[in-house]
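**Student:** I'd like to ask some things about the structure below.
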Amino acid sequence: MGMLKEFKEFATKGNVVDLAVAVVIGAAFAAIISSLVDDVITPLLLTPALKAIDAQDIDKLVWNNVKYGRFLSAIIKFIVVAFILFLLIKAINSMKKKEAPTPPPGPSTTDKLLMEIRDALKK
């Protein structure tokens with residue numbers, strides 16, 4: 001039973017739950033980025049190239065049996081995701097307030113009383 005209790009404590013820790021939420025949101029974010037790149041950015045960037053070589057689809061961009069159209073799309077996706085993550089992390093870091101270091105706590109009442117007794121004995 002000790003291992004089951006330990007696993008329950010591990011699984012209910014905040015870090016594990018946060019990680020699970022991040023994975024789910026990351027999957028949804030990946031779908032949005034894929035659509036943005038495949039349906040908006042890639043056609044805008046590659047339409048002139050596709051017209052120049054008389055191709056109508058990025059999947060038809062082939063050179064010596066190398067399908068470089070999908071590779072270009074994957075590179076664009078990576079750049080978009082990396083840039084958005086950079087902006088997100090930069091915004092989060094700027095929102096974090098730098099906490100002022102807390103001054104060390106003063107002596108407790110017991111310590112004050114002991115110091116008074118010590119000073120009285122010295123006199």
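The values are calculated or read from the model by the stated rules, or taken from the named source; none is laboratory data. It should be emphasised that the depicted structure is a prediction, and the values quoted were computed from it without experimental measurement. With ideal geometry, Cβ positions are generated from the backbone for all residues, glycine too; neighbour counts draw on all protein chains shown.
**Student:** I'm trying to understand the selection: among the residues of the stretch 1-42, which are at pLDDT below 80 and of a type in the set (D, E)?
**Tutor:** Of everything in the stretch 1-42, those that are at pLDDT below 80 and of a type in the set (D, E) turn out to be E9, D18, D38, D39.
Matching residues to (1) modelled with pLDDT of 80 or more; (2) of a type in the set (K, R); (3) surrounded by 12 or more Cβ atoms within 10 Å (Cβ to Cβ); (4) not in a helix (DSSP H, G or I):
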{"site": "L45", "(1), (2), (3), (4)": "no, no, yes, no"}
{"site": "L50", "(1), (2), (3), (4)": "no, no, yes, no"}
{"site": "A55", "(1), (2), (3), (4)": "no, no, yes, yes"}
{"site": "I89", "(1), (2), (3), (4)": "no, no, no, no"}
